[in-house]
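Data first, discussion second: the structure below is written as structure tokens.
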Amino acid sequence: MIYFDNAATTKPCEEAAKAVCEAMRDNWANPSSLHGLGLKAEQAVSSAREIIAKTLDTDSECIYFTSGATESNNLAIFSAAKTLGRHKKKIVTTKIEHPSVSQPIKYLEENGFEVVYVSPDKSGEINPADIISAVDENTCLVTCQLVNNETGYILPVAKAFKAIKRLYPNVMTHSDCVQGFMKLNITARSLNADLISLSGHKIYGPKGVGALYVKRGVRVLPVNYGGGQEKKIRSGTEAVPNISGFGAAVETFSNSIEKRFEKMSELKGYLGEQIESVEGVSLNRFSESSPYIASVTVNNIKSETLLHYLEMNGIYVSSGSACSKGKKSDVLKAFGYDDKAVDSTIRLSFSHENKMSEIDEFIRQIKNAKAELIKIKQ
Ligand code: PMP
């Protein structure tokens, strides 16, 4: 099997799987219980919190566990709307956000907020000046992802947020960093973000766990009300196994961010070189992009047809975003891909376990697919 769908989810590492099992078998108490068993569970949660905070170069008090980045994004957005939105009714975002950002924003837009959607320019890239100039005194929130999950394009978050914070210190800045965390060298401070969303299962941890970084002093209001866990921001008994697994994955890989980045850059570079030798196939390029994600357009073959062809030959890829199953991607359109390109673009997303020989096999299968599939009516 060749697995090139790591932006959809990663295979949990052994360390994460072990931590999850251990917590389920031996550390199953409620972290809120006052007895010793509860304390042990609470210590596991605290230890994971510290590991994640350290990787973002921040304090553990700034990390709040959630059920995943979808919840973190919703919490960040609705919180900003609640805390500042009574008097400031404007939100600035981009046209290329994940649905877990664009959908809550759409809800707010339908309920009285004015939303400015910044689009990529002709070259397919977001100009930080376009984000900055969209913000004014009436803005409560700017939310901008760090790495686009469909193309790998890296957005100019740090630059835009820095200028915005200088001009309007009270505007809330949020970044969905799901595809950048543990892959790019980022810290909470370097992004100038008040709020940062993270997910466990994109970085070799379990599914169903994520985190929201909240800068010290920034006020966050809950979406769910209940037992008051996570300093009242996220009620609900902490998912100790998932949180332990998340912490274990981060601990395992946090010292190799640069090394893995280099390895992935070589892999994507090699893919780019090899693709040039195949007519009608192109790697979609950006001035700044994550080496973990490659957007590949194969002219005249529908992405779903190609996806299944590759799957039959043991290669797992994604058509656009895994979250927009069966739906044409608005995000690729926003990047300026025409309808034909949207229909025939696949996403390859890598992990450190992928090898050059797997790229060779992918190229071989793409050549076969072109020979076999273009002949038949799709
Ligand atoms: N944001 C981005 C950029 C993503 O790629 C994803 C996962 N597809 C999410 C948010 C949602 O993450 P989760 O699955 O943890 O809810």
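I need the per residue convex hull volume for the range 206-268, using only the alpha carbons, in cubic angstrom as a whole number.
For the range 206-268, the hull spanned by Cα atoms encloses 139 Å³ per residue.
Leaving out ligands, DNA and RNA but keeping every protein chain, what accessible area does ARG234 have, in Å² rounded to the nearest 10, with a 1.4 Å probe?
Here the accessible area works out near 50 Å².
Hey, could you get me the Stokes-Einstein D for the range 149-266, Kirkwood radius over alpha-carbon pairs, 20 °C and 1.002 mPa s, rounded to whole µm² s⁻¹?
Calculated translational D: 135 µm²/s.
Net charge within 12 Å of VAL20 by Cβ-Cβ distance, Lys/Arg positive one each and Asp/Glu negative one each, not counting VAL20 itself?
Surrounding charge for VAL20 is -1.
Add +1 for every Lys or Arg and -1 for every Asp or Glu among the other residues with Cβ under 15 Å from the Cβ of LEU84, and state the total.
Values: positive: LYS82, ARG86, LYS88, LYS89, LYS90, LYS165, LYS215, ARG219; negative: GLU114, ASP136, GLU137, ASP194.
So the surrounding residues net to +4.
Mark the label point 7 Å from the Cα of ASN170 along Cα→Cβ and return the residues of the range 80-113 whose backbone N is within less than 17 Å of it.
Hits in the range 80-113 for ASN170 at 17 Å: 80-92.
Looking at the range 27-168, what % of the alpha carbon pairs are farther apart than 19 Å?
Values: 6123 of 10011 pairs.
Cα-Cα pairs of the range 27-168 separated by over 19 Å account for 61 percent.
Can you tally the net charge around LEU34? Count Lys and Arg as +1, Asp and Glu as -1, for every other residue whose Cβ sits under 13 Å from the Cβ of LEU34.
0
At most 13 other C-beta atoms within 10 Å and a DSSP loop state: those are the exposed GluC sites (Glu not before Pro) I care about. Give me the longest piece of the chain that has none.
Between exposed loop sites, the widest span is 138-278.
Over the range 14-254, what per residue volume does the convex hull of the Cα atoms give, in whole Å³?
Considering the Cα atoms of the range 14-254, their hull volume per residue is 111 Å³.
Restricting things to Cα coordinates, could you compute the convex hull volume per residue of the range 108-167 in Å³?
Per residue, the Cα convex hull of the range 108-167 comes to 96 Å³.
Kirkwood-based Rg over Rh for the range 197-323 (C-alpha set), two decimals?
1.09
With the other protein chains left in place, how much accessible area per residue, in square angstrom, belongs to the chain at a 1.4 angstrom probe?
45 Å²
Among all stretches of the chain without exposed chymotrypsin sites (Phe, Trp or Tyr not before Pro) (DSSP loop, at most 15 other Cβ atoms within 10 Å), which one is longest?
29-224
Below 8 Å between Cα atoms, with a sequence gap of 6+, how large is the relative contact order for the range 1-135 in percent?
Relative CO of the range 1-135 lands at 13 percent.
What do the square roots of 5 times the Cα gyration tensor eigenvalues come to for the range 65-108, in whole Å, largest first, as semi-axes of the equivalent ellipsoid?
18, 14, 7
For the range 14-254, what does the relative contact order come out to in percent, with C-alpha contacts under 8 Å and a separation of six or more?
Value for the range 14-254: 29 percent.
Which value in nm describes the separation of the simple spin-label points at SER277 and LYS231, placed 7 Å from the Cα toward the beta carbon?
Here the answer is 5.5 nm between the modelled labels.
Pop out the carbon and sulfur fraction of the accessible area of the chain as a percent, whole number, probe 1.4 Å.
51 percent
The values are calculated or read from the model by the stated rules, or taken from the named source; none is laboratory data. Treat the numbers as computed from the prediction; the structure is a model and nothing was measured. Positions of Cβ are generated from backbone atoms using ideal geometry, with glycine treated the same way; all protein chains shown enter the neighbour counts. All accessible areas refer to the heavy atoms of the entire protein, side chains included, with ligands and DNA or RNA removed. Shrake-Rupley method; radii C 1.70, N 1.55, O 1.52, S 1.80 Å.
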